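Here's the structure we're looking at; comments come further down.
The values are calculated or read from the model by the stated rules, or taken from the named source; none is laboratory data. Note that this is a predicted model, so its numbers are computed, not measured. Quick reminder, even Gly has a Cβ in these numbers, built from the backbone with ideal geometry, and neighbours come from all protein chains shown. Accessible surface areas use protein heavy atoms only, side chains included; no ligands, DNA or RNA. Shrake-Rupley method; radii C 1.70, N 1.55, O 1.52, S 1.80 Å.
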Amino acid sequence: MLALHFGAGNIGRGFIGQLLHEAGYDICFADVNQTVIDDINNLGKYYIEIVGDEPKRIEITNIEAVNSNDEAKVVEKIVNADIITTALGANILKYIAPVIAKGLLKRAQLNLKPINIIACENMINGSAKLRDLVYEQFNEENLNKVKGYAGFPNAAVDRIVPLQHNDEKLLVKTEAFFEWDVESSAVAGEKPQINGVTYVDNLQAYIERKLFAVNATHASIAYLGYVHDYKTIYEATQDENIMQTVRGVTQETGRLLNQKYGFDLEKHQKYIDMIIARFSSPYISDDIVRVARSPIRKISPVERLTAPAKQLTDRNLPVENLVKVIAAALHFANEHDSEAVQLQAYIKANSVKEAVIKYCGLNENDVLTEKILQAYEEIK
């Protein structure tokens, strides 16, 4: 069996690559980093180190790599693949859509069995987004040809693989925990048998649980840690004042998830305790500026902070802790992050209130708007 995976970075190798390997797939990584491509092809293997109280070293073999820009080779791999996955960043999906389209058309012309393409990105409905980008490449006749030859099931993925610099080539250090939920109804043909993948009927509930519980908690630690001048997530988790607010965020979002999807509050609290323990681990400490990057996306009306805050406000439920985090995000001013630069420039040229209206998608007279502005001033 062959898996074609777009993105040979730490997530691709240290998470998706591990599960595909353990499921018995040969893996072909498609990437644009020629150094990594050469290392994969020359070494033919790499290692994953699970860090923590029970460290473990895992060897990943039966691998190869191609350059994503080598269209002929990538199309060949698409034709021969049994599954296609991605982990390269939400903004990069548009660049691989044309070659995927050409590969799918060739599969249709050869009347091959359907293949599933799963975008394992830190975004909502990533596979559906990739599907739309791929379908845009076709005229009506060819679109009708390929529709039956690919499934694009959405997925929710979770594993901490921090930014790292290792002397050993291709080595990836990561935590033991992972979660990979896949939308069962969108699978084409037989479900790929991958140990560690959970097929679920209502993926939206799990997407929002991940977004509002995991991502919102991580972002909360990062933005609150930033305004308190901490450098790493671990340092921020050692500040009890920060963690009191973070735990308040988890209670607010947990209440929302309970009301929307019926997640049991007691079980959800155990899930939250595990999340906080993961982020508090000295073995996996990420840089705050990396976790806090892209603040415009993260305070947008459909994202991890503003979305639950707005939904809670509409239900007349408390949002005081989420509001503090959104306000802290509005203070994020990293000159190496284009969104942070854009956000701060807009605030300077207009006002914080205008920024909240523009980027959080709120109205001028929203109760939530006023709460965010008050919290912003309190941080000053």
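Tallying residues that are touching a helix residue (DSSP H, G or I) at 6+ places or on another chain (Cβ under 6 Å), modelled with pLDDT of 90 or more and either over 27 Å from Lys102 (Cα atoms) or in a strand (DSSP E or B) (or both) within the range 154-165 yields 3. From Ile63, Ile37, which residue is open to solvent by less than 50 Å² (accessible area, probe 1.4 Å) and in contact with a helix residue (DSSP H, G or I) (Cβ under 7 Å, 6 or more places away or on another chain)? Of Ile63, Ile37, the one residue that is open to solvent by less than 50 Å² (accessible area, probe 1.4 Å) and in contact with a helix residue (DSSP H, G or I) (Cβ under 7 Å, 6 or more places away or on another chain) is Ile63. The one condition from (1) among the hydrophobic types (A, V, I, L, M, F, W, C); (2) within 30 Å of Ile275 (Cα to Cα); (3) buried (at least 19 other Cβ atoms within 10 Å of the Cβ) that Leu163 does not meet is (3).
Step by step: first the residues of the range 110-131, then only those that are of a type in the set (S, T, N, Q) and modelled with pLDDT under 95, then the one that is surrounded by the fewest Cβ atoms within 10 Å (Cβ to Cβ). Which residue is that? So that I can check it myself, show each step before the final result.
Let us first name the residues in the range 110-131 that are of a type in the set (S, T, N, Q), namely 111, 116, 122, 125, 127.
Okay, now just the ones that are also modelled with pLDDT under 95, so 111, 122, 125.
Values: Asn111: 7, Asn122: 19, Asn125: 19.
Out of the qualifying residues, it is Asn111.
Taking each residue of the range 141-153 that is under 15 Å from Val79 (Cβ atoms) and looking for partners that are open to solvent by 40 Å² or more (accessible area, probe 1.4 Å) and among the charged types (D, E, K, R) with beta-carbon atoms closer than 9 Å, six or more apart or interchain, yields Tyr149/Lys113; Ala150/Arg131. Within the range 354-380, if we keep just the residues that are touching a residue at least 60 places away in the same chain (Cβ under 8 Å) and not in a helix (DSSP H, G or I), the residue that is most open to solvent (accessible area, probe 1.4 Å) turns out to be Gly361. Of all residues in the range 83-93, one or more are in a helix (DSSP H, G or I), open to solvent by less than 50 Å² (accessible area, probe 1.4 Å) and at pLDDT 95 or above.
Each row is one residue, and each column tells you yes or no for (1) over 20 Å from the mean Cα position of the chain (by Cα); (2) open to solvent by 30 Å² or more (accessible area, probe 1.4 Å); (3) at pLDDT 95 or above; (4) not acidic (Asp, Glu).
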residue	(1), (2), (3), (4)
Asn139	yes, yes, no, yes
Phe152	no, no, yes, yes
Asp167	yes, yes, no, no
Thr174	no, no, no, yes
Glu190	yes, yes, no, no
Asn202	no, yes, no, yes
Leu211	no, no, no, yes
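Scanning the range 265-305 for residues that are open to solvent by 60 Å² or more (accessible area, probe 1.4 Å) and in contact with a His (Cβ under 9 Å, 6 or more places away or on another chain) returns Val289, Arg293.
What number of residues within the range 306-340 are free of Cβ contacts under 8 Å to residues at least 12 places away in the same chain and either in contact with a helix residue (DSSP H, G or I) (Cβ under 6 Å, 6 or more places away or on another chain) or crowded, with 17+ Cβ neighbours inside 10 Å (or both)?
Quick first cut of the range 306-340, residues free of Cβ contacts under 8 Å to residues at least 12 places away in the same chain only: 314, 316, 333, 335, 338.
Of the ones still in play, those that are also either in contact with a helix residue (DSSP H, G or I) (Cβ under 6 Å, 6 or more places away or on another chain) or crowded, with 17+ Cβ neighbours inside 10 Å (or both) are 333.
Residues that pass the stated criteria total 1.
Going by the structure shown, is Val134 β-branched (Val, Ile, Thr), buried (at least 23 other Cβ atoms within 10 Å of the Cβ) and in a helix (DSSP H, G or I)?
Values: β-branched (Val, Ile, Thr): yes; buried (at least 23 other Cβ atoms within 10 Å of the Cβ): yes; in a helix (DSSP H, G or I): yes.
When the stated conditions are applied, Val134 passes them.
Within the bounds of the range 341-351, is there any residue that is in contact (Cβ under 8 Å) with a residue 24 or more places away in the chain, outside any helix (DSSP H, G or I) and of a type outside the set (S, T, N, Q)? No: zero hits. For the range 66-78, taking the residues that are crowded, with 18+ Cβ neighbours inside 10 Å and among the aliphatic types (A, V, I, L, M), the one that is nearest to Val172 (Cα to Cα) is identified as Val66.
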